[in-house]
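The values are calculated or read from the model by the stated rules, or taken from the named source; none is laboratory data. Nothing here was measured: the structure is a model prediction, and the numbers come from that model. Every residue, glycine among them, receives a Cβ derived from its backbone with ideal geometry; neighbour counts consider all protein chains shown. Accessible surface is based on the protein model in full, side chains and every heavy atom, while ligands, DNA and RNA are left aside. Shrake-Rupley method; radii C 1.70, N 1.55, O 1.52, S 1.80 Å.
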2 protein chains.
Amino acid sequence: MSFLVKHRLSKIFQPLNMPAKSSKITSKSLKLMLDLGFIQNSVPGCFNFLPLGIKSLQKLTKIIDEEMSNIGGQKMLFPSLINTKLWNDSGRLEEAGPELFKLQDRHQKSYILSPTHEEVATEMLSTLSPLSYREFPLKFYQISTKFRDEIKPRFGLMRGREFIMKDMYTFDIDLNSAKKTYEEVCESYENIFKTIGMDFVKVLGNSGLMGGHLSHEYQFKSSIGEDNLLHCESCDYYVNAELCEDRSKCPQCGDSNKIKVHSGIEVGHTFLLGEKYSKLLNTKYISMNQESKVLQMGSYGLGISRMLAACLEVLSTDSDMRWPNSIAPYNIIILPAKEGSKEETLTKGVPEKVYSFLEERIPDLRDNILLDDRTGLTIGRRLLEAKRVGYPFIVVINKRTSEDSSLVELFHTKTKQTMYLTYEALLDYIKQNVH
Amino acid sequence: MSFLVKHRLSKIFQPLNMPAKSSKITSKSLKLMLDLGFIQNSVPGCFNFLPLGIKSLQKLTKIIDEEMSNIGGQKMLFPSLINTKLWNDSGRLEEAGPELFKLQDRHQKSYILSPTHEEVATEMLSTLSPLSYREFPLKFYQISTKFRDEIKPRFGLMRGREFIMKDMYTFDIDLNSAKKTYEEVCESYENIFKTIGMDFVKVLGNSGLMGGHLSHEYQFKSSIGEDNLLHCESCDYYVNAELCEDRSKCPQCGDSNKIKVHSGIEVGHTFLLGEKYSKLLNTKYISMNQESKVLQMGSYGLGISRMLAACLEVLSTDSDMRWPNSIAPYNIIILPAKEGSKEETLTKGVPEKVYSFLEERIPDLRDNILLDDRTGLTIGRRLLEAKRVGYPFIVVINKRTSEDSSLVELFHTKTKQTMYLTYEALLDYIKQNVH
């Protein structure tokens, strides 16, 4: 019998306990991602994503792509180089100031490196002949690298100078339909957080640089969060504290007895922009009455690399990563016995068999099972490492299996339970707990 | 009966015949991609990728990811911002000169925008404690945006200032194993071109800026190609003409009677670099005898956005796009009858039924079938457009189907044949011709 094992840990570059360079370790997630070989320091505020980091990143991206497709989001890609004039005209060149990376090309033309693409998305439509009202709403999104010259990049992926963001731009024919689209995208964001499996709060937000009618932030509560969120437990209202003049009273119900302040990590931000950019760039459509009218716009950001770190920040312990099952680099790791041990001889082929069995019986797990074939290391050492990385299910092929080949050991990382299970029982247990 | 149709052309943003801005139309592929709404002009040498362009790009990316995984390629992501010092130390800062985009951050630290990552990939390993010889070969790759300040960006995606590239960096313990790895990656590149379905030639290359022992270029022959390739038809040897002092004689077999010169578009380039970067950055491993030794390196590029355009350049006519089946945005387009026509009434539900039938019976076609539900337009108009975009199979639900509901019309774009087929015959025909 031969089984195809595609994912072997010995073939994955995962440098452990890399030197932290000069940069300070300012967050738990940063320390864990560096220690466990998910990312590596590059220039300040920038990181090399290593294979396990990429694996999680791709799973997160897939969830977002699927949800964007569900609401009719159309995937695009805008260049990182933006004509400075475009941001000068919108007034944001001055407002954003030193947070923008600026450069000139060989012909002395000026560019900024895109932190966001409202102007570019709007310009895209304004260079076309105005579209008919029938074509709207339009919902464009991209997943790409963004740049921001943070004065003090910190917390690793949570406040970097180069980061991966999903940004969406919607266009509607009037404010009412723009509001509907806004609600739809907000709901879609909530679906994304639910699919990932993270608790979040939706907070009345600060429009800041963006401008517009209305904005909401999606926040993960965390002690290292840089935002202060006012929560009225009386009416369950959340608002960014920056918006409150009187922080002792709920701006919604007026109650002052049940106000709590939380720290939050902003992972998403939605803006109902209205005409701010479309008016400026003269971005119009042709109405039912053949009139040309200005489009209403929405803009929506989701920090992808930031969210990866934020999940870890919220769930992990100081020493061990903990993942939502949805974005763990692999859901299951299988640890064969140590090379040269009696157990190895007695369990020959079992690890590969378990791997194939699970992959075959739970097709969702394709590409989500890892064999830790570094059998030169003891099981104890590999088990410790697997727990630190936080693979949700750790299957150990050890003494017990060598005595009774129908049983394997399962360590369930979330509950910290160790069980001895038959293949079928293992299958059932994983199926019931994998989502 | 209800059928789920996921991909409807009315929901896809495809602005036709966009104004060409001031930039010149310098290639057939550029004209077609602009005219048919695959890309849009942005700042000089940069483009917005629109949804159909993204669709083809993603298919190309998937082929490359799979092939990279087959040879043990590990996916990473390096930042675009590179410390200028790193390139100064390697000597490339001066060599590349004005082709580099340069910038400073708010603290006056200098960066370049990455055109390629040899120094960064090498530095990644040199900051670790040297790895054991057992860990090699290591093969890292990324797919990411690259930057080059071309003095004259032209031919659209073929010579842009911001482009998408797959770059791979391999590390081996000695030159012999580095050569083996080099051969393996070359073979893998050939598999990629074969999977895509494009004729290519492998040409002895010019190492140029990269340096190193050996290099090969992968070229698509095309009249607008900027490289001159010397081909000896006697011994079937290809070499970049830049390398030949005497262009009238084959540098391999010496024959001078069968020398032809071709123009080519370089879509891939492989370099056996040896120690050039690893020595400089002191990138070492620990040998079997516990000695610390310098690693041997290879570097491999594949222009992804360029290849997209190059395929079109080679296959298309002046007016119509032609795709290899593997990367056509959709393989099949289905055209229902015109809204309000007698045929529409008589064929109600048929287009959706054909869509579901094909998707169900050819699972490979999931997400590759498109319904042109813009039924306000005549069939003739939509058929013309579908031919221009070059969808490989065009299924028309028209008069003939309204007379005999078991028959549909198939236009096979490659052979220009029109056929009337039963569902099963349609299925067979597509299955036989889709690859």
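Would you work out if the range A:28-315 is rounded, prolate or oblate? Take a ≥ b ≥ c from the square roots of the eigenvalues of the alpha-carbon gyration tensor; rounded if a/c is under 1.5, else prolate when a/b is larger than b/c, oblate otherwise.
Working: a/c = 1.59, a/b = 1.16, b/c = 1.37.
Cα axes put the range A:28-315 in the oblate bin.
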Next item on the list: Go through chain B and flag any cysteine with no other cysteine's C-beta closer than 4.7 Å, please.
Entry: B:46, B:186, B:244, B:311
Checklist line | Position residue A:400, label points 7 Å along Cα→Cβ, spacing to each other copy in nm (shortest first, one decimal) | finding: 6.6
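Work out the length of the dipole vector of the protein assembly as shown about its Cα centre, built from +1 on the beta-carbon of each Lys and Arg and -1 on the beta-carbon of each Asp and Glu, and round it to the nearest 20 debye.
On the way: 112 positive and 110 negative charges, 77 e Å.
Roughly 360 debye, rounded to the nearest 20.
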Margin query: From the phi angles alone, apply the Karplus equation (6.51, -1.76, 1.60; θ = phi - 60°) to the range B:95-107 and give each ³J(HN,Hα) in whole Hz, x where the residue is Gly or Pro.
Written below: 4, 6, x, x, 6, 8, 7, 10, 8, 10, 8, 5, 9
Next item on the list: Quick one: dipole size for chain A, taken about the Cα centre, charges +1 on Lys/Arg Cβ and -1 on Asp/Glu Cβ, in debye to the nearest 20.
Entry: 1200
Next item on the list: Measure nothing fancy, just the Cα-based angle from helix A:51-70's long axis to the longest principal axis of chain A, in degrees from 0 to 90, nearest 10.
Entry: 50
Item checked: Table column - 3J(HN,Hα) (Hz), the range A:80-89, Karplus curve with 6.51, -1.76, 1.60, x for Gly and Pro -> 6, 7, 10, 4, 4, 4, 4, 7, 5, 4
Check: How many nanometers, to one decimal and shortest first, lie between the label point of residue A:214 and those of its other copies, if labels sit 7 Å from Cα toward Cβ?
Finding: 6.5
Next item on the list: Return the lysines within reach of residue B:342: Cα separation strictly under 20 angstrom, same-chain partners fewer than 8 residues apart disregarded; answer none if there are no such residues.
Entry: B:353, B:399
Next item on the list: Starting at the first residue of the range A:309-319, write each ³J(HN,Hα) from the Karplus equation 6.51 cos²θ - 1.76 cosθ + 1.60 with θ = phi - 60°, in whole Hz, x for Gly and Pro.
Entry: 5, 5, 4, 5, 4, 6, 9, 7, 8, 4, 9
Note to self: Straight-line reach only, C-alpha to C-alpha below 17 angstrom: list the lysines that residue B:28 could link to, leaving out same-chain residues fewer than 8 apart.
What the structure shows: B:221, B:387
Notebook entry, point to check: How many angstrom separate the Cα center of the range A:76-123 from the Cα center of the range B:377-435?
Noted result: 46
Next item on the list: Hey, can you grab everything whose amide H is under 5 Å from the amide H of residue B:273? Only 5+ residues off in sequence or another chain; H modelled, so Pro and N-termini drop out.
Entry: B:213, B:297, B:298, B:299
Next item on the list: Take the alpha-carbon centre of the range A:272-291, take the same for the range B:146-196, and report the distance between them in whole Å.
Entry: 44
Check: Among the residues of chain B, which one places its Cβ closest to the rotation axis that maps chain B onto chain A, and what is that distance in whole Å?
Finding: B:103, 2
Margin query: Quick check: from the Cα gyration tensor, does the range B:289-435 come out rounded (a/c under 1.5), prolate or oblate?
Written below: prolate
Item checked: MRE, 222 nm, helices only [DSSP H, n ≥ 4, -39500 (n - 2.57), over chain A, to nearest 500] -> -9000 deg cm²/dmol
Check: Roughly how much of residue B:381 is accessible, in Å² to the nearest 10, using a 1.4 Å probe?
Finding: 120
Margin query: Pairs of alpha-carbon atoms within less than 8 angstrom and 6+ residues apart define the contacts here; what relative contact order does the range B:28-315 have, in percent?
Written below: 21
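Kindly flag which residue pairs out of A:59/B:6; A:166/B:59; A:284/B:152; B:152/B:276 have an alpha-carbon separation exceeding 27 Å in this structure.
Values: A:59/B:6 22 Å; A:166/B:59 20 Å; A:284/B:152 33 Å; B:152/B:276 30 Å.
Over 27 Å apart, Cα to Cα: A:284/B:152; B:152/B:276.
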Note to self: Please report, for residue A:69, the nm distances (one decimal) from its label point, 7 Å out from Cα along the beta-carbon direction, to the equivalent points in the remaining copies, shortest first.
What the structure shows: 1.6
Item checked: For residue B:131, distant residues with modelled amide H under 5 Å away -> B:286
Next item on the list: Show the residues, 5+ positions off or on another chain, whose built amide H is closer than 5 Å to the amide H of residue A:74.
Entry: A:139, A:140, A:141
Check: Could you name the aspartates and glutamates in cross-link range of residue A:338, using Cα to Cα under 20 Å and dropping any fewer than eight places away on the same chain?
Finding: A:352, A:372, A:373, A:385, A:403, A:404, A:409, B:135
Check: Among residues other than residue B:194 whose Cβ falls under 11 Å from its Cβ, what is the net charge (Lys/Arg +1, Asp/Glu -1)?
Finding: -4
Margin query: Sorting check: for A:318-327, A:384-393, which peptide has the highest mean count of neighbouring beta carbons within 10 Å, and how do the rest follow?
Written below: A:384-393, A:318-327
Next item on the list: Note down the accessible area of residue B:7, probe 1.4 Å, to the nearest 10 Å².
Entry: 30
